[in-house]
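The next block holds one structure in the form of structure tokens; read it before the comments.
Values quoted throughout were computed directly from the atomic coordinates according to the rules given, and no laboratory measurement underlies them. Since we're looking at a predicted model, the values are computed, not measured. FYI the Cβ positions are ideal-geometry reconstructions off the backbone, even for glycines, and counts take in every protein chain you see.
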Amino acid sequence: MIAHRFKYSCPRSAEEAAAELAQMEGEETAIISGGTWVVPEMSHHLRRPKLVIDLKLAGLAGVSAEADAVVIGPATTYTQLAHSKHTPNFLKKVVAGITGGSQIRNRGTIGGSACYANPASDIPGALVTMKASLHLRAHSSTRIVEAADFFLDANVTLLEPDEILESISIPSTNDENLFSYAKFKTAQGSWPIVTIGCIASEDGVARRVIVGGAGAIPFAVDLDGQESEDEVLQRVHAAMRQPWSDVFATADTRRHIAGVMTQRAVREIAAAKNGEKS
Amino acid sequence: MTQTIAPTQSANYVGTSERKHNGEKFLRGEMVYIDDIRIPGMHFAGIVRSPHPHARIKSVDLSKASVAEGVIFVLSGAEAAKHTDPIPHFIDPEAFGGKTTDVRCLAVDKVVYVGEPVAAIVARTRQDAEAAVELVDVEYEILPFVIDGEESLQPDAPRIYEHWDDNKIISIPFISGDTEAVFAQAEHILEDELKIQRYSTQPIEPRGYVAVYDSRESSYTFYGACQNPHPLRWVLSHTLRVSENDVRVIAPTVGGAFGLKMHGHPEEPLTCILSKLSGKPVKWIEDRTETMLVGAREQMHRFKVSFTSAGKITALKDHFVANVGALGAPPGWGMVFLSGLAFPTGYKIAATDVLATVVASNKSPWNAARGYGKEATALVMERIIDLVARDLGMDPLEVRRVNLIESHEFPYKTAGGLNIDSGDYHAALDKAVEMIGLPALRAEQEELRKDNRYLGIGFAFELTPESGDIPGTLVGGFDTSTVKMDPSGKVTVLTGVTTPGGGNDTSILQIVSDQVGIEISDARIIQGDTLLTPYGFGNYSGRSMVTGGNAAYLAAKDIRAKLLIIASRLLETDESDIDLRAGWARSLSNPDKAIKISEIAYTVYTLAFATATGVEPPLESTRVYQPENIQHTPDAEGKINIYPTYSNAVHVAVVEVDADTGHVKVRRFGTVHDAGTIINPRFVEGQMEGATAMGIGAALMEHSIHDPATGHLSTNRFKTYLMPRASDVPMFESVHQVTPSPYTALGTKGAGEAGVGGAQAAVTNAVHDALAPLGVTIRQMPLNPQNVLHAIITRETGKQA
């Protein structure tokens, strides 16, 4: 149960939220969208924010198609992503595998998961795979960062204390390409140990595989499509620079599984390409 | 001519899968659980817990908390000790020749595990109580700690209890024959080890208590999510220094128990003393992170077996160590005793040398957990069988057949002194083979191996001694039921056994309704109230139907006898000509002659000096059922038998292992289960299905992990303590086999505890069968990707002597 008292605010826009944040001057603030991370932490007394800013009425949910990008509001839930006709195909596949039941899918949001930056979540790796850009807003400024640069460490992002994530844009150029998404976990309801995302190049080659879960942050494995299976493994092992371990698997185990899963993703894309040709 | 009507002849309900009599109320959310209980003026308890695994308490400063919002009362361990005595151990190791220590509701001088209660708050709301907990300043002097069991046995390990000379609680030998002599002559010898992880039970409802102290009567009413109301009353009265008859314990609907809700928990007397000292009814509801603290099952086995080339096992040695954490008052450590006693399960092994060593550590204490130690024995024995088979290149089924007790050998006295009642283990094995379609699976396995896919089939035999009685403790092997029929012909059953949700209440009503010939909807049952029900021990050890069910059967038979006398007079026919069924007494020879049961009942109460002359009113009977076969007087070898019945099962698992990642998928799971006479097949299946899911969880994922650096529990929520969900287990396939126990009135055996160890063993054997081409032996449970992959990568064959 949440034991401490805190101020709760429900701003009507991202600007309003940023303005409130600017006034906190270093006092602990929590921004929630679905609250699936922050509320349990508050219940367990692990976090005692003075202010909770709830983005549910800030107009930040929804998926829209623009000329060359799909723009997703950070407060868009997994369920909304699953149902929107504009959601990129790759992201639809990611969302279809989100577990935790309808309660989590109806509450958990893409932006919340990105900002929480849990190494074992699907979304950080998915955003890097899709080459998403994140639009961040502070009271008097905005900036755009690439997903690949956004994640710094486990639960650490580029987001400054006075910033909120205002929108996510995903370039639509690759949406028709072959793709693969797989995750490895112990049980149906458990966090992934490794996620593997790959959107193939236009000629159907797995040139960039994003490994999530295995390390503290998602990392890219760049390939040219000519590597042997062993070389793929070596590329994965070399690319993992921030190891991560938890109660489910050590860093070594994660590295090993990441290699195996990357090989499988490359094979899957190749098989799909060959399947199309025949 | 009179004849006894056997239960089957008049069976209307017994043997059928009658639905839960109050199932609709469960579905509608109308059942009253502990957290639904609200007493006028009720306040809430908050508990300050130790953040250190081992520390001396220098001071407890409650001043800030005592003036916090909503707080009406604060309590330190030192103050609590003035008002309470240590909590009596459910099973005191000292009584078995081991060491003991006082366990108090709040720690006084030092703490010995993270989460140990140190101080308590009573506040207007739960929120206020939790907020005030954070304001309590406890000054600790940090002491070195040990969380690993084997490290704790080392002479230089931090001493957990200063009055002990080491951290060993007890070592219990179970010896039969001369193993060393057999080993010296053996054709084959195999040695290996298996580490069983610490894991627990997680009922959907955590623990919770509401205590109401009545100052005028100087008495307590204690509502608790508990399994054993009467024995708990004894514990509370001793801890709280009041007479046993000044405590009333009421167990409302319980949302699963599995041993976790057996008593000895500090919060039980704590809630009571908080009510007395604060003058308010006090509620405490456990948080899941607190539920997760309670441990069980962690054991390190090192075994050696000798066997012939034909697969006959000639001797078994297993000296194992169980890390039970800090010594708590609940019956946790006793599981280790049972692990030792249950060897060598249903196998005929003449020479056994089993030594069970129980060691304390700075992990949180154990409580009982379904299987009560016998699950560990099943796992180790079944691994041994498969290892012997692998060593000889034999079919593991054949090794089982060679060593299992044969059906003509019952009753069979085991090396440990247990007297196994009945069974047909070989027939159960055959049924399991048939059920799973073994030849087709073996062919599929062969095919898949060509593609480097690893399918495995694993069998496990499981023997579950149930309904035990441990002498000198309130772990009783008998129980009591009352059956009352009122003048309207409605029936009330009161029984000392309780239900954690499995359906023994409905099953007891099935037995009673058949005996007295009424519709089950005309009967109700009251359990879990020490003021209303006869004395009883509640539920554990698969005992509820064996004891409470048979007691109700005897009591109902008494009522039946009276009903038959009156019916015979009113219908003017012989008693043997009367069928009692569905609310009517009817002449079998002339079915037009019938009278309502309610009219017979009314006659007993209203015509006691006329039609009912000689039939003693009222229609009430209280009977005790003491099963046969419990033998507490030591035999020639000094052995006793604490169990009357022995259910058995054969489990078969089909798994596929991803050898590149260590992931295990359970594709099929089947069980042939023999629980003796079955009262309600669906409930028996439900018990086995639940236990099987637990066993699959135990085999593949459940693991309570303490951080070696801090002594904190890392797996304190369901995201880190993994349990199988519906999608992680296959549809369960089940077959019943019935060999009635000759030692119980209805032939029933226990049906609550079996399944955990058998399922765990079958899955473990299946994983090894799958990985047989790689020659992998996994020595660390559970078989999660980490442990399986590690074993594959560091590939090595079984240790050969």
### Message
One quarter of the convex hull surface, Cα atoms only: what value does that give for the range B:41-368 in nm²?
### Response
18.2
### Query
What Kirkwood radius, in Å to one decimal, follows from the Cα pairs of chain A?
19.3
### Task
Round to the nearest 0.05 the FRET efficiency obtained for residue A:226 and residue A:156 when R0 = 45 Å and r is the Cβ-Cβ distance.
0.80
### Summary
Averaged over residues of B:778-788, the number of beta carbons from other chains lying within 10 Å of each residue's Cβ is 3
### Query
Kirkwood Rh over Cα pairs of the range B:156-234 into Stokes-Einstein at 4 °C, 1.567 mPa s: D in µm²/s?
66
### Message
If packing is taken as the average number of other Cβ atoms within 10 Å across a peptide's residues, how do B:713-720, B:452-459 rank, most packed first?
### Response
B:452-459, B:713-720
#### Entry: Prolate/oblate/rounded call for the range B:311-442, Cα gyration tensor, a/c under 1.5 rounded
prolate
### Query
At residue A:270 and residue A:15, where each label point lies 7 Å from the Cα along Cα→Cβ, what is the point-to-point distance in nanometres?
5.4
### Task
Kindly express, to the nearest 10 degrees and within the range 0 to 90, the angle between helix A:229-239's C-alpha long axis and the longest C-alpha principal axis of chain A.
30
### Task
Please report, in debye to the nearest 20, how large the charge dipole of the protein assembly as shown is about its Cα centre when each Lys and Arg carries +1 at its beta carbon and each Asp and Glu carries -1 there.
1300
### Task
Go through the range B:66-151 and name the GluC sites (Glu not before Pro) that are in a DSSP coil and have 13 or fewer other Cβ atoms within 10 Å of their Cβ.
B:69
### Query
lysines near residue B:562 by alpha-carbon distance under 25 Å, same-chain residues fewer than 8 away left out - which ones?
B:484, B:490, B:593, B:596
## Note on the structure
Log10 I(q)/I(0) at q = 0.12, 0.15, 0.18 Å⁻¹ for the range A:63-171, from Debye over equal alpha-carbon scatterers, is -0.37, -0.58, -0.85
### Message
Taking amide H atoms as placed 1.01 Å from N in the peptide plane, list the residues 5 or more away in sequence, or in a different chain, whose amide H sits under 5 Å from that of residue A:193.
### Response
A:184, A:185, A:186
### Task
Normalise the Cα radius of gyration of the range A:7-57 by 2.2 N^0.38 Å (N = residues in it) and let me know the number.
1.09
### Query
So for B:240, B:474, A:152, fewest C-beta neighbours within 10 Å to most, what's the order?
A:152, B:474, B:240
### Task
Pull up the cross-link candidates among the lysines for residue A:185, meaning alpha carbon to alpha carbon under 18 Å and not fewer than 8 places away within one chain.
A:93, B:665, B:719
### Summary
A student asked for the Cα radius of gyration and Dmax of the protein assembly as shown in angstrom ought to give 31.8, 103
### Task
Mind jotting down the distance between the C-alpha centroids of the range A:128-158 and the range B:585-602, whole Å?
83
### Query
Given H placed on each backbone N at 1.01 Å, which residues far from residue A:52 in sequence or on other chains put an amide H within less than 5 Å of it?
A:7, A:8, A:9, A:30
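Listed here are the pairs B:82/B:168; A:7/B:58; B:168/B:639; which of them are more than 26 Å apart at the Cα?
B:82/B:168; A:7/B:58
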### Query
So what's the projected area for the range A:179-273, the Cα convex hull averaged over all directions, in nm²?
5.7
### Query
Roughly how big is the range B:41-368's charge dipole about its Cα centre, with Cβ charges of +1 (Lys, Arg) and -1 (Asp, Glu), in debye to the nearest 20?
800
### Query
Which whole-number value in Å³ per residue fits the convex hull of the alpha carbons of chain B?
173
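Of all the Cα-Cα pairs you can form in the range A:149-217, what percent are over 20 Å apart?
Everything past 20 Å amounts to 49 percent.
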### For the range B:87-146: span of alpha carbons on each principal axis (Å, largest first)
45, 28, 16
#### Entry: ³J(HN,Hα), Karplus 6.51/-1.76/1.60, whole Hz, each residue of the range A:3-16, x for Gly, Pro
9, 8, 8, 8, 8, 10, 9, 10, x, 9, 7, 5, 4, 4
### Message
Report the Cα-based extents of the range B:734-784 along its three principal axes, largest first, to the nearest Å.
### Response
51, 19, 17
### Message
With unit charges on the beta carbons (Lys and Arg positive, Asp and Glu negative) and the dipole taken about the Cα centre of the range A:7-57, which residue among A:40, A:10, A:55 sits farthest to the positive side?
### Response
A:40
